[in-house]
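The values are calculated or read from the model by the stated rules, or taken from the named source; none is laboratory data. As the structure is a prediction and not an experimental result, all values here were calculated from the model. Here Cβ is always computed from backbone atoms with ideal geometry, including for glycine, and neighbour counts include all displayed protein chains. Surface areas here come from the heavy atoms of the whole protein model, side chains and all, with no ligands, DNA or RNA. Shrake-Rupley method; radii C 1.70, N 1.55, O 1.52, S 1.80 Å.
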Amino acid sequence: MADTVFAGSTSKWGSWLDLSIASTIWVSVLILAGILLSLILFRGRQTERQTLWWHLLFLGIFPILLLAVDNFATLEYTKEVRFCGSCHKAMQSYVEDLHNPGSRSLAALHFRQRAAWGSECYACHANYGLHGTFAAKLTGLREVVTYVSGRYQLPIRMQHAFENVFCLKCHDGTTHFVAHTVHLTILDQLRAEALKCTFCHRPAHVLSAAQSTAGIGGAS
Amino acid sequence: MSVWKFVPALRTGDWRSKLMTCSQLMIGTAALLSLLSMLTRNPLLLVSFMSVQGLLLVGVICFVIVALISQRTLVTEEYGPGDIIFREGDPGRHVYIVKSGTVEVLVQQPDGTQRAIKQLGTGETFGEMALLRQAPRSATIRTVTAAQVFKISPDDFLALYTHLPRVKETFSQIMMDRLGELERR
């Protein structure tokens with residue numbers, strides 16, 4: 001979970017995500033202003049040596065900086081619950097469940113304990129490391145295209161069964177986990193996906209009766 | 001209004017100016033998309049920026065190419081009738097040779113108006129005074145007709161000026177004549 005905790009952690013000026021979003025906005029504005037001023041101030045002599053320092057800043061250094069801060073901001077922002085909830089009609093009901101103080105779902109329980117500080121969806125649905133991040137972003141990209149093109153059907157179903165590895169990546173080996181000796185007894189089966197965590201620990205999400213009858217959401 | 005009004009280098013400039021303008025357009029587009037995506041947090045805009053961020057890199061590469069070679073080679077620039085090539089008081093140091101067309105030399109009068117003191121045609125030079133005197137431009141140059149000019153970098157010109165005595169002699173004489181003209185204005 002280290003990568004998700006990083007986005008939610010704070011710097012002197014707020015969270016790293018907020019800082020990177022603000023930096024992206026400022027750098028973008030600076031680049032646009034620099035280009036506009038160059039077109040006005042250096043019209044007809046933009047390739048002269050005296051103007052190269054100006055252009056080095058606005059066409060060299062700032063764009064590279066923008067590439068870094070915007071990618072960081074985008075990658076971190078797309079891990080947020082608010083991003084997941086912004087797209088899918090189906091996801092809205094899951095986000096409402098997260099915020100429901102009376103919900104007994106696993107997702108709401110994790111959310112109330114601030115397990116991943118605003119990026120609970122990502123923390124439970126993406127695997128560890130670079131491969132996990134890459135796979136999650138690729139899936140997300142496909143889903144955005146599907147959503148924008150309208151080529152989806154309700155209720156939305158999970159493409160794959162939820163894997164135990166998403167639970168074990170955080171819980172395996174923790175004091176709380178090993179204190180329940182049954183976990184140790186079935187650990188090999190859990191790791192081999194022969195037994196599902198959600199078989200005992202359920203429901204993962206709770207939808208309201210209205211949402212269920214409307215056929216919204218397929219995973220629970 | 002034509003897009004050429006905003007980016008005249010795309011129409012009149014040599015390939016270096018065009019490359020520089022392309023660099024600005026690519027980086028500007030990516031920066032605008034980045035700004036909009038961060039302000040709205042719209043998923044489609046976020047994905048769009050991720051898709052076009054290659055423009056930033058290509059834009060930077062275009063700029064680096066221009067920065068590396070623009071000072072080393074002879075540049076041809078094209079201007080329409082009435083275009084200003086440079087203004088009196090500007091800090092430019094390039095030297096120009098008229099390739100085709102006619103340009104006029106304008107000097108500012110005490111009452112603020114500008115008076116044409118001379119016209120220059122094919123083969124004639126301008127811009128050397130600012131470089132040799134290490135001073136701002138002493139006059140405004142405006143095209144009379146559509147014109148093409150060779151633009152010589154300060155380094156290239158100084159290399160010719162210091163190594164070829166006849167070039168030095170010619171330009172020294174031209175500069176003396178022009179200083180005289182300016183004093184008589």
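Can you name the number of the only condition in (1) in contact with a helix residue (DSSP H, G or I) (Cβ under 9 Å, 6 or more places away or on another chain); (2) open to solvent by 40 Å² or more (accessible area, probe 1.4 Å); (3) touching a residue at least 40 places away in the same chain (Cβ under 8 Å) that B:Val66 fails?
(2)
For the stretch B:154-166, how many residues are open to solvent by 90 Å² or more (accessible area, probe 1.4 Å) and either in contact with an Asp or Glu (Cβ under 9 Å, 6 or more places away or on another chain) or farther than 21 Å from B:Gly123 by Cβ (or both)?
Number of matching residues: 2.
Go through (1) loosely packed, with under 15 Cβ neighbours inside 10 Å; (2) over 22 Å from B:Tyr161 (Cβ atoms); (3) more than 11 Å from chain A (Cβ to nearest Cβ) and name the single condition B:Leu44 misses.
Exception for B:Leu44: condition (3).
Can B:Glu169 be described as closer than 18 Å to B:Glu88 by Cβ, exposed (fewer than 13 other Cβ atoms within 10 Å of the Cβ) and not hydroxyl-bearing (Ser, Thr, Tyr)? First the steps, then the outcome.
Numbers: closer than 18 Å to B:Glu88 by Cβ: no; exposed (fewer than 13 other Cβ atoms within 10 Å of the Cβ): yes; not hydroxyl-bearing (Ser, Thr, Tyr): yes.
Judged against the criteria, B:Glu169 is not a match.
What is the residue count in the stretch B:103-129 for residues that are open to solvent by less than 10 Å² (accessible area, probe 1.4 Å), under 23 Å from B:Ala159 (Cα atoms) and assigned to a strand (DSSP E or B)?
So the count comes out to 1.
Name, by its number, the condition in (1) within 14 Å of chain A (Cβ to nearest Cβ); (2) open to solvent by 30 Å² or more (accessible area, probe 1.4 Å); (3) within 21 Å of A:Arg43 (Cα to Cα); (4) outside any loop (DSSP other than H, G, I, E, B) that does not hold for B:Lys151.
Every listed condition holds for B:Lys151 apart from (2).
Going through B:Val52, B:Val60, B:Val47, B:Val95 one at a time, which residue ends up being assigned by TED's automatic domain parsing to the domain that holds B:Thr162 and touching a Leu at 6+ places or on another chain (Cβ under 8 Å)? Don't jump to the end; show me each part of the working.
Numbers: B:Val52 fails: assigned by TED's automatic domain parsing to the domain that holds B:Thr162; B:Val60 fails: assigned by TED's automatic domain parsing to the domain that holds B:Thr162; B:Val47 fails: assigned by TED's automatic domain parsing to the domain that holds B:Thr162.
On inspection, the qualifying residue turns out to be B:Val95.
Can you name the residue in the stretch B:47-74 that is within 28 Å of A:Tyr147 (Cα to Cα) and more than 7 Å from every other protein chain (Cβ to nearest Cβ) and is also modelled with the lowest pLDDT among such residues?
Only one residue fits best here, namely B:Ser51.
Scan (1) open to solvent by less than 30 Å² (accessible area, probe 1.4 Å); (2) assigned by TED's automatic domain parsing to the domain that holds A:Ala33 for the single condition A:Ile64 breaks and write down its number.
With respect to (1) open to solvent by less than 30 Å² (accessible area, probe 1.4 Å); (2) assigned by TED's automatic domain parsing to the domain that holds A:Ala33, A:Ile64 is out only on (1).
Quick check: anything in the stretch A:64-72 more than 11 Å from every other protein chain (Cβ to nearest Cβ), in a loop (DSSP other than H, G, I, E, B) and in contact (Cβ under 8 Å) with a residue 24 or more places away in the chain? Quick ask: steps written out before the conclusion?
Initial filter on the stretch A:64-72 (more than 11 Å from every other protein chain (Cβ to nearest Cβ)): A:72.
When the remaining residues are screened for being in a loop (DSSP other than H, G, I, E, B), the result is none.
Checked against the condition, which is being more than 11 Å from every other protein chain (Cβ to nearest Cβ), in a loop (DSSP other than H, G, I, E, B) and in contact (Cβ under 8 Å) with a residue 24 or more places away in the chain, the stretch A:64-72 yields no hits at all.
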